[in-house]
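Q: Here it is, the structure in full.
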Amino acid sequence: MVKVEFLGPIGKETIEIEAATLSDVAKRLKEESDLAEWLDKCAVAVNDTMVSDLATRLNEGDKVSILPPVCGG
Amino acid sequence: MVKVEFLGPIGKETIEIEAATLSDVAKRLKEESDLAEWLDKCAVAVNDTMVSDLATRLNEGDKVSILPPVCGG
Amino acid sequence: MELYDGPLDVKEIFGRWLDEQAASNYGAYIPFVGTIRAEDGIEALSFDIYEPVLKAWFDSWQEKAKARGAVVKMAHSIGDVPVHTSSYVSAVFSPKRRVALELIEEFVEDFKANAPIWKYDVKEGKRIYAADRSTPMDGSGLLA
Amino acid sequence: MELYDGPLDVKEIFGRWLDEQAASNYGAYIPFVGTIRAEDGIEALSFDIYEPVLKAWFDSWQEKAKARGAVVKMAHSIGDVPVHTSSYVSAVFSPKRRVALELIEEFVEDFKANAPIWKYDVKEGKRIYAADRSTPMDGSGLLA
C-alpha cells in the first residue's frame, strides 16, 4: 500500500492504494470524479521529492503527494 | 567670462575663460597639458545640466563642470 | 529558511540577516519584501505551505547560489496575513553586484513558480483559493 | 535622496523607508545595499559627490519610476566608509513584482554608470582614485 495525500486547496482526505508505479496511481486517481479538475495541473512528489516519470517505482509505505497550482509570496 | 570647474579626482582649480559656446571651451582646455589624460573620458554639465552638444551657447557667468569617470555605490 | 505563523517582522528579519552576514565580505545585499496589497475587498491573504518540498526547493537554491559565490535566504508566512503586512522576504548576498541582481530575479521568479505554497483570499472571514493567480508547478499534469 | 558623511545606518534607512511607504499599497519593496568589501589591502573607500547633478539624475529617475507606478529611493555616503560598512542603499517600491525587479536592476546599473560620484581606495590613510573601476559617463569625450 502507498499513501496518496492531496495538498493545499484540493481538500481531499489522504487515501491508501495498491500501486507498484506512479502509472498505477494515475490510473486509480482518474477514477475519482472529484479529482477531474485537478490532475492535469498538479505536480507530484514521492517521499517529498518531486518526480517527473510515470515509471517511478513505489514501495510499501511510500508517500505520494499531489501538488496543485502554487502562488507563494 | 564663464567658470570651468573640474570635479572629483582631476584635482585642478576652477578657471575663468572667455567662451561663447562649448566649442570655445574645448579649444581652450586642449591647451592645458594637465587635462590631456582627462578630456576624452570626461562628461560635461552646463549650470548643472548634462550636455551633449558642442554648439551649446554659453552666457556670462555660466558654470561649466567637467565630470571624470564615475564609480558610485 | 524561516516559516512564521502570520505576518513577518520585516525589520527584525532584514536586520538579523544583515548582522549574520556582517563578516562574510559580501558587496551586495538585495532583499525582496512582499507585502499584501489591499485589492478586491480582501481582508487578508492566507497561505498553506508543504514544508518538506519547500525545504528541498530552498536547499537546491542554496547550492545554486553557493556555486556562484552567493548566499540566499527566505522567510514566509503560514496562515492569515492582513493587508499592508508582509508575507514574504527573500534575499541574496553576493560579493558582486551583477550576480546579486541576476540571482534575486531568478530566485524570486522560481519561488513564484515552484515553491509549494497555496494562496487564499480572505473575505468576510472565508478562505477562497486564488486559482486565477496560481501556476502549475514544473512537471504538472504527470498523472492526467 | 539622502547623503551622509561616512557609513550609512542601513537598518534605520531600511526601516524608515518601509514605514514611509506603509500606506502606499505597494506589493514589492526591493532595497539594494552596497557594502565595502575588504580587498587589495584597503582600509576604506572614500567618495566625492557632485550633488547638483546627482539630484537631477535622481529626479529624472523618480519621474521614470512614477510613470511605471513605482517609487525609487536612494542614500549614499560622502567621505570615508570603512570596510564591512555600507556606502549605498537604493530601493524600489512597486505594486507589481515584475516592475520592481526590472526597475531595481535598471536603477542600480544606471546609478553605477551615470551618478556623479567618484570613488577612492584608502590605503595607509591615502586616497587613491579608483580609475580602473570607474566608467566614463554617457556623453563623455565631448570636449576631446
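The values are calculated or read from the model by the stated rules, or taken from the named source; none is laboratory data. As the structure is a computational prediction, the values presented were derived from the model and not from experiment. Note that each Cβ is placed from the backbone with ideal geometry, even for glycine, and that neighbours are counted across all protein chains shown.
Q: If you check B:Ala20 against the conditions, is it hydrophobic (A, V, I, L, M, F, W, C) and in contact (Cβ under 8 Å) with a residue 12 or more places away in the chain?
A: Yes.
Q: So, C:Leu54, is that one in contact with a strand residue (DSSP E or B) (Cβ under 8 Å, 6 or more places away or on another chain), facing chain A (nearest Cβ under 9 Å) and buried (at least 17 other Cβ atoms within 10 Å of the Cβ) or not?
A: It is true that C:Leu54 is in contact with a strand residue (DSSP E or B) (Cβ under 8 Å, 6 or more places away or on another chain), facing chain A (nearest Cβ under 9 Å) and buried (at least 17 other Cβ atoms within 10 Å of the Cβ).
Q: Is it the case that C:Gly34 is more than 26 Å from A:Ile10 (Cβ to Cβ), within 9 Å of another protein chain (Cβ to nearest Cβ) and surrounded by 16 or more Cβ atoms within 10 Å (Cβ to Cβ)?
A: no
Q: What's the number of the only condition in (1) within 11 Å of chain B (Cβ to nearest Cβ); (2) free of Cβ contacts under 8 Å to residues at least 60 places away in the same chain; (3) under 19 Å from the mean Cα position of the chain (by Cα) that D:Val83 fails to meet?
A: Every listed condition holds for D:Val83 apart from (1).
Q: So which residues in the range D:52-96 are farther than 30 Å from D:Asp40 by Cα and in contact with a helix residue (DSSP H, G or I) (Cβ under 7 Å, 6 or more places away or on another chain), if there are any at all?
A: Across the range D:52-96, the qualifying residues are D:Trp57, D:Trp61, D:Ala65, D:Arg68, D:Gly69, D:Ala70, D:Val71, D:Val72, D:Lys73, D:Val92, D:Ser94.
Q: Could you name every one of the strands (runs of 3 or more DSSP E) located completely within chain A that has at least 3 residues being surrounded by 15 or more Cβ atoms within 10 Å (Cβ to Cβ) and facing chain C (nearest Cβ under 10 Å)?
A: Result: A:43-46, A:63-67.
Q: Answer yes or no as to whether B:Val46 is in contact with an Asp or Glu (Cβ under 9 Å, 6 or more places away or on another chain) and under 13 Å from D:Leu142 (Cα atoms).
A: Against the criterion (in contact with an Asp or Glu (Cβ under 9 Å, 6 or more places away or on another chain) and under 13 Å from D:Leu142 (Cα atoms)), B:Val46 qualifies.
Q: Out of the residues in the range D:2-31 meeting the condition of being without any contact (Cβ under 8 Å) to a residue 12 or more places away in the chain and under 18 Å from D:Ile78 (Cα atoms), tell me which one is surrounded by the fewest Cβ atoms within 10 Å (Cβ to Cβ).
A: D:Glu12
Q: Going through the range D:55-111 one residue at a time, which ones are among the polar types (S, T, N, Q) and closer than 20 Å to D:Phe14 by Cβ?
A: Across the range D:55-111, the qualifying residues are D:Gln62, D:Ser77, D:Thr85, D:Ser86, D:Ser87, D:Ser90, D:Ser94.
Q: Considering only residues that are of a type in the set (Gly, Ala, Ser) and either in a strand (DSSP E or B) or modelled with pLDDT of 95 or more (or both), which ones fall in the range C:125-138?
A: C:Ala130, C:Ala131, C:Ser134
Q: Considering only the range C:50-77, how many residues are over 30 Å from B:Gly72 (Cα atoms), aliphatic (A, V, I, L, M) and out of contact with any Ser or Thr (no Cβ under 9 Å at 6 or more places or on another chain)?
A: So the count comes out to 1.
Q: With the structure loaded, tell me whether D:Val108 is of a type in the set (Val, Ile, Thr), in contact with a strand residue (DSSP E or B) (Cβ under 7 Å, 6 or more places away or on another chain) and over 25 Å from B:Val44 (Cα atoms) or whether it fails that test.
A: Spelling it out, it is not the case that D:Val108 is of a type in the set (Val, Ile, Thr), in contact with a strand residue (DSSP E or B) (Cβ under 7 Å, 6 or more places away or on another chain) and over 25 Å from B:Val44 (Cα atoms).
Q: Considering each residue of the range C:1-31, count those that are facing chain D (nearest Cβ under 9 Å), under 28 Å from C:Tyr50 (Cα atoms) and small (Gly, Ala, Ser), and give that number.
A: Qualifying residue count for the region: 1.
Q: If I ask for residues that are β-branched (Val, Ile, Thr) and more than 14 Å from chain B (Cβ to nearest Cβ), which ones from the range D:57-80 would you list?
A: Within the range D:57-80, D:Val71, D:Val72 meet the criteria.
Q: Let me ask you something else. Does the range C:52-87 hold any residues that are closer than 21 Å to C:Gly27 by Cβ and in a loop (DSSP other than H, G, I, E, B), and which are they?
A: Within the range C:52-87, C:Arg68, C:Gly69, C:Ala70 qualify.
Q: Out of everything in the range D:57-78 that is small (Gly, Ala, Ser) and surrounded by 15 or more Cβ atoms within 10 Å (Cβ to Cβ), what residue ends up being nearest to D:Arg127 (Cα to Cα)?
A: Out of the qualifying residues, it is D:Ser77.
Q: Would it be correct to say that C:Ala38 is aliphatic (A, V, I, L, M), outside any strand (DSSP E or B) and within 30 Å of C:Arg97 (Cβ to Cβ)?
A: Against the criterion (aliphatic (A, V, I, L, M), outside any strand (DSSP E or B) and within 30 Å of C:Arg97 (Cβ to Cβ)), C:Ala38 does not qualify.
Q: Could I ask something else about it? Do you know which residues across the range D:110-124 are in a helix (DSSP H, G or I) and facing chain B (nearest Cβ under 10 Å)?
A: Correct list: D:Phe111, D:Lys112, D:Ala113, D:Asn114.
Q: Looking at D:Ala23 and the list (1) at negative phi; (2) at pLDDT 95 or above, which single condition is not satisfied?
A: The one condition D:Ala23 does not meet is (2).
Q: Given the conditions (1) surrounded by fewer than 17 Cβ atoms within 10 Å (Cβ to Cβ); (2) more than 14 Å from chain A (Cβ to nearest Cβ); (3) touching an Asp or Glu at 6+ places or on another chain (Cβ under 6 Å), which single one is not true for C:Ala44?
A: (1)
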